[in-house]
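Chemist: My questions will all concern the structure given below.
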Amino acid sequence: MADTLDLQDIQGLIIRGYGNLKAACYILLEISTPPPAKIWLSALADTIATGQTGQGEKALNVAFTYAGIKKLGLEPKILAMFSNEFINGMAIPHRSLLLGDVEESSPEQWMWGGSGTRPIDMVLMLFAVDDRELSDVYNTYAKTFTANGLTEVLKLDTVDLGNKEHFGFHDGVSQPVMEGSPQTETPMNTIKAGEFLLGYPNEYGLYTDRPTIKPAMDPKSLLPRDSSGSGNADLGRNGSYLVFRQLRQDVRGFWQFSDEATKNPDGSSNPTARIKLASQMVGRWPSGAPLLKTPQQDDQQLADANDFAYYQSDPCGYNCPIGAHVRRANPRDSLDPQPGSEQSIAVGKRHRILRRGREYGPPVDPAELLTVKKPNAEDQDRGLHFLCLNANISRQFEFIQHTWINNPHFDELYDDADPIVGTHYPDGGTFTMQAKPVRKRVTGLPRFVSVVGGAYFFMPGIRAIRYLANPTRAGLAPALVMPEKETKR
Ligand code: HEM
């Protein structure tokens, strides 16, 4: 039976992506003076949107880097119970190699979170129905920062492109659903809560490592108790790790490459072939329709289709290429030791993520980019604030990124990293389209997506935030006026 989720203690972003709240921004903060910041945080806890809060007009969520959690004053032995990936961070040299953050994507080049940039302790995520409402909410919070020991390092804005990402494809179609959450999904797509939330059993039937503490260290019983039965207070329960990567997209590069690779013998462009190649690289058509179900042309009717597996109906990749982005980011039933079996699906369930990203930068029409060959004003910084939630960064996000996305030998391919987000060899990557009688290949793929910032965060449960804030004096600092909490429906 599914565990009951403590929805009122789980931050809302873990339960849903706030599709009704079209405007969003992420404020990266440094905790300059911890004592007032902790008091601020304890008041903030009352305004955080939870998994139980209804669809209001705005929502706020918060997460901390390891540096931030450390500043809040936890004992070293409790700090050591967080995962190594979180403790060491995204930007250490070993991890950069693992994630493919090299050359122009290396942390030395990043705008934030990198080796030469200002420290980031926490991120405040604000969501609102429109830009005006968002700006009001932002201003209300921003006024409280300085007086409460916080310094704004950077404000990352987002843009609403409908349900598309910048290359022009429907994004946000396939998401796993957590057992016990209000949504329902197919069995293949329903995943144990412990894959996304700490303090619940995961797909191995185990509890992922997390900080738990002796009850004596939580005399006010602020924290939930460890449901695995140790009797300890559980600082991790209802929390999740947030992976945040700012991914810049070279929209011109993507479409020019697709155009060049599909030109007619007389040198003219072939728009139908261009869109087909781009869709083969993604694994879905611009509408979202999966190539597995409609390999020859787009079909709006299938825009949200997600109830399919690959190996059973397309083991050789004739419909959806084996190396397409969606097929490698979630191979569904194609995994060893026995592709096409229940066992294969069970293995896949240990490598899922909840994606919660939003686009940034001005929209652009790919057709316009193709008419002008040289970079111009249209080539502004744009891309995806890639956010995902998971309970085990190394087994989930990092595994997908390293072993599937960036692996040139994925599923017996030869030199094919992910065609749209992968890191390729210096002379460019290869993309193979399995076909009868012979496969087709395009070569010289440049990198279309680069990393310009990022960090690992921990998004605690509401009770854990109160514990971390643990105010030493009652009442709020005078400068602190919090916006009212989002109303329940
Ligand atoms: C700018 C970078 C990226 C773009 C433009 C992009 C685009 C897309 C698109 C268009 C889809 C299909 C629609 C959907 O199912 O939501 C998709 C699915 C997906 N992407 Fe990405 N993506 C990017 C980066 C990443 C990264 C870095 C990861 C993981 C490390 C990732 C993991 C996934 C997963 C897990 C799916 C769902 C696959 C499925 O369940 O069928 N994506 N992406």
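Chemist: Sort 23-34, 238-249, 207-218 by the packing proxy (mean of other Cβ within 10 Å over each peptide's residues), most packed first.
Modeler: Ranking, from highest mean packing down: 238-249, 23-34, 207-218.
Chemist: Which order, highest average first, do 119-128, 158-167, 287-296 follow once you tally other Cβ atoms within 10 Å for each residue and take the mean per peptide?
Modeler: On the way: 119-128: 24.1, 158-167: 17.8, 287-296: 20.1.
Result, highest mean first: 119-128, 287-296, 158-167.
Chemist: Just to confirm my numbers, what's the Cα centroid distance between segment 39-94 and segment 401-453 in Å?
Modeler: 35
Chemist: Evaluate 2.2 N^0.38 Å with N set to the residue count of segment 331-397, then give the Cα radius of gyration divided by it.
Modeler: Against the empirical 2.2 N^0.38 Å value, I get 1.75 for segment 331-397.
Chemist: Hey, what's the Cα Rg ratio for segment 210-355 versus the globular rule of thumb, 2.2 N^0.38 Å?
Modeler: Cα-based Rg divided by the globular estimate yields 1.55.
Chemist: Compute the length gained on full extension between Val129 and Gln8: take 0.36 nm times their separation in residues and subtract their Cα-Cα distance, giving the result in nm to one decimal.
Modeler: 41.4 nm
Chemist: Between Gln312 and Lys143, what is the spin-label point distance in nm, taking each point 7 Å from the Cα along the Cα→C-beta axis?
Modeler: If labels sit at Gln312 and Lys143, their model points lie 5.7 nm apart.
Chemist: Could I ask something else about it? Averaged over all directions, how much area does the convex hull of the C-alpha atoms of the chain cover when projected, in nm²?
Modeler: Computed as one quarter of the Cα hull surface, the answer is 23.5 nm².
Chemist: Another question, then. Could you state the principal axis extents of the C-alpha atoms in segment 263-341, from the largest down, to the nearest angstrom?
Modeler: Per principal axis, max minus min of the Cα coordinates gives 47, 26, 18 Å.
Chemist: Using only alpha carbon pairs under 8 Å that are at least six residues apart, calculate the relative contact order of the chain and give it in whole percent.
Modeler: Dividing the mean separation by the residue count of the chain yields 25 percent.
Chemist: Treat every Asp and Glu Cβ in the chain as -1 and every Lys and Arg Cβ as +1, leave all other atoms uncharged, and give the resulting dipole magnitude about the Cα centre to the nearest 20 debye. Please report the intermediate quantities before stating the final value.
Modeler: On the way: 51 positive and 57 negative charges, 175 e Å.
Dipole magnitude for the chain comes out near 840 debye.
Chemist: Computed over the Cα atoms of segment 114-215, what is the convex hull's projected area averaged over all directions, in nm²?
Modeler: 12.0
Chemist: Can you give the Kirkwood hydrodynamic radius of segment 337-457 from its Cα pairs, in Å with one decimal?
Modeler: 17.2
Chemist: Quick check of the Kirkwood formula: for segment 191-262, what is the inverse mean of 1/r over all pairs of different Cα atoms, in Å?
Modeler: Result for segment 191-262 stands at 15.2 Å.
Chemist: Over all directions, what mean area does the Cα convex hull of segment 53-137 project, stated in square nanometres?
Modeler: The directionally averaged projection comes out at 8.3 nm².
Chemist: Along the Cα→Cβ direction, 7 angstrom out, place labels at Ala80 and Gln380. What is the inter-label distance in nm?
Modeler: With each label point 7 Å from Cα toward Cβ, the separation is 5.0 nm.
Chemist: In the structure shown, do any of Lys276/Lys440; Lys38/Lys58; Lys192/Lys349; Lys263/Lys440 have a Cα-Cα gap over 18 Å, and if so which? Walk me through the numbers on the way to the answer.
Modeler: Details: Lys276/Lys440 13 Å; Lys38/Lys58 23 Å; Lys192/Lys349 9 Å; Lys263/Lys440 15 Å.
Cα-Cα > 18 Å for Lys38/Lys58; rest within.
Chemist: Next question. Which one of Asn330, Ala147, Leu197 is farthest out on the positive end of the charge dipole of the chain, using unit charges on Cβ (Lys, Arg +1; Asp, Glu -1) and the Cα centre as origin?
Modeler: Towards the positive end, the residue furthest out is Ala147.
Chemist: Of Lys71/Lys143; Lys164/Lys293; Lys77/Lys143, which ones are farther than 31 Å apart at the Cα?
Modeler: Lys77/Lys143
Chemist: Let me ask you something else. Using alpha carbons only, what's the Rg to Rh ratio of segment 229-287 with Rh from Kirkwood?
Modeler: That ratio equals 1.45.
Chemist: Using the per-residue mean of other Cβ atoms lying within 10 Å as a proxy for protection, in what order, highest first, do the peptides 93-100, 170-177, 463-470 fall?
Modeler: In decreasing order of mean packing, 93-100, 170-177, 463-470 become 463-470, 170-177, 93-100.
Chemist: Work out, step by step, the length gained on full extension between Glu104 and Ser228: first 0.36 nm times the residue separation, then minus their alpha carbon distance; give nm to one decimal.
Modeler: Length gained between Glu104 and Ser228: 40.2 nm.
Chemist: Using the Cα centre of segment 1-90 as the reference point, and only Cβ charges (+1 on K/R, -1 on D/E), how large is the resulting charge dipole? Debye, rounded to the nearest 20.
Modeler: Result for segment 1-90 is approximately 240 debye, rounded to the nearest 20.
Chemist: At 0.36 nm per residue, minus the direct Cα-Cα distance, what do Lys214 and Thr443 gain on full extension? Give it in nm, one decimal, please.
Modeler: Additional length available on full extension: 76.7 nm.
Chemist: Using only alpha carbon pairs under 8 Å that are at least six residues apart, calculate the relative contact order of segment 46-196 and give it in whole percent.
Modeler: 19
Chemist: So, how do all the Cα-to-Cα distances of segment 281-403 break down into 10 Å bins, in percent, from 0 on up?
Modeler: 12, 32, 34, 17, 5, 0
Chemist: For the chain, with the dipole built from +1 on Lys and Arg beta-carbon atoms and -1 on Asp and Glu ones, taken about the Cα centre, which of Pro408, Gln246, Ser258 lies farthest toward the positive end?
Modeler: Most positive-ward Cα: Gln246.
Chemist: Considering the options Phe431, Ala278, His94, tell which one lies farthest towards the positive end of the dipole of the chain, charges being +1 on Lys and Arg and -1 on Asp and Glu at the Cβ, about the Cα centre.
Modeler: In the chain, that residue is His94.
Read-outs throughout are calculated quantities, based only on the coordinates presented, and are distinct from any laboratory measurement. Given the structure is predicted, the values throughout are model-derived calculations rather than measurements. Neighbour counts run over all protein chains shown; Cβ positions are idealised from the backbone, glycine included.
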